[in-house]
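Taking it in order: structure first as structure tokens, then the write-up.
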Amino acid sequence: MEETYLLNVEGVKKRILHGGQGELPKLQDGSKITFHFQTLKDDFERTVIDDSREAGIPMEIITGKMFKLEIWETLLSSMRVGEVAEFWCDAIHTGMYALVSRGMRRIAEGRDPLEGQKHRCGMGNMFDYHSTGYDDLDELQRTPQPLIFIMELFRVEEPSAYKRDTWAMSKEEKLAAVPVLHSEGNRLVLRKEFGQAAAKYQEAVICLRNLQTKEKPWEDGWLKLEGLVTPLVLNYCQCQLELGEYYEVLEHTTELLQKHNDNAKAYFKRAKAHAAVWNEREAREDFLQVAHLDPSMAAAVKKELKQLGERMRKKHVEDRKCYQGLFQPPSGP
């Protein structure tokens, strides 16, 4: 039977299931830890709650970035690379697990982990929302209990050894990354690599949106960041127009106009998207709004309206021909 160890942390026990190699890694702020984990209930059946292997990709956390389940950094810091260990943690250390698991599951499902979350800390959100959206996690949230974590440590990378994901950056690093990403996006647009350019603009927007969550909406700090977000969103939408992703453009321009209803460029891009999907009335309304807000764009609006009229007339002619053929009586034998 494997030997049980104490980690000098109250309420935590460790058993090594498979030994690792080398010395204990030296962790520092910004180190990236890659590992697989399995979470089980401390019951007779050892009921499995989560298993990262089912998602197909290992878990990654950055040390010193206030991961909501702080005990995980402590557990991983006691492991060697290649080691597999089982940890028993009492309810003092697992109270936040339901919220952490909810976020990880949403990411695995391709959803936004912060979807629907209010501008508050994790504990505040626990009280705001009565359900995580998962029955087993709701049970954990109602009745905190000891959990068992089985972890396999793959690697530990120093901050200088990997490309930092934007979510792992500090506020200063995010602000420094935005103009670089903006410039890279513009360069890719000139090369007509619109998909890659859109990804750069989107990454910059994510940096800024993340910073906005730390500010109060519509106050000075929030508005300053919003001023940086708007041109990036418009550039992103232009790339999506070029790629034919018209409904994506409709979604983002409409969201932008709900906050900034005097933005002529947003109306213009939304009008182009409406025209592309045959929403004639909506396209005309948006084009006319552009001319009203920015008279300097009147010539461009006139040209777009002319093209829209020609396309719609051609479509009506084709539709009539199609319907005439549909209702004509069949010819004789």
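Ligands, DNA and RNA excluded, the heavy atoms of residue 107 present near 100 Å² of accessible surface to a 1.4 Å solvent probe.
Checking every one of the chymotrypsin sites (Phe, Trp or Tyr not before Pro) in the range 170-234 against DSSP loop status and a limit of 16 other Cβ atoms within 10 Å picks out 218.
For the set 192/259; 68/216; 269/303, the pairs lying more than 18 angstrom apart at their alpha carbons are 192/259; 68/216.
Database remark: amide H of residue 50 closer than 5 angstrom to the amide H of 39 (H placed geometrically; neighbours at sequence offset of 5 or more, or on other chains; Pro and chain starts carry no H). Over all Cα atoms in the range 182-333, the spread is summed up by Rg and Dmax: 19.9, 79 Å. Accessible area per residue (1.4 Å probe, heavy atoms of protein chains only) ranks 306, 32 as 306, 32, with the largest value leading.
For the range 194-199, take each phi angle, set θ = phi - 60°, evaluate the Karplus expression 6.51 cos²θ - 1.76 cosθ + 1.60, and give the result in whole Hz per residue in order, putting x for glycine and proline. Listing the rounded values in order: 5, x, 5, 5, 4, 5 Hz. For the range 212-303, trypsin sites (Lys or Arg not before Pro) are listed when DSSP marks them as loop and at most 15 other Cβ atoms sit within 10 Å of their Cβ; the list is 214. Residue-wise HN-Hα couplings along the range 247-261, as the Karplus relation 6.51 cos²θ - 1.76 cosθ + 1.60 with θ = phi - 60° gives them from phi, are 5, 4, 5, 4, 5, 6, 5, 5, 4, 5, 6, 5, 9, 9, 7 Hz; Gly and Pro carry x. Between the amide H of residue 154 and those of 34, 35, 36, 82, distances stay under 5 Å, these residues lying 5 or more places away or on another chain, with hydrogens modeled in the peptide plane. Normalising the average separation of contacting C-alpha pairs (under 8 angstrom, six or more residues apart) by the number of residues puts the relative contact order of the range 171-327 at 14 percent. Test of the criteria: in the range 239-279, which chymotrypsin sites (Phe, Trp or Tyr not before Pro) are in a DSSP loop and have at most 14 other Cβ atoms within 10 angstrom of their Cβ? Answer by residue number: 278.
The values are calculated or read from the model by the stated rules, or taken from the named source; none is laboratory data. In this text the structure is predicted, and so the values were computed from the model without any measurement. In this analysis, Cβ positions are derived from the backbone assuming ideal geometry, glycine residues included, and neighbour counts consider all displayed protein chains. Just the protein is used for accessible areas: all its heavy atoms, side chains included, with ligands, DNA and RNA removed. Shrake-Rupley method; radii C 1.70, N 1.55, O 1.52, S 1.80 Å.
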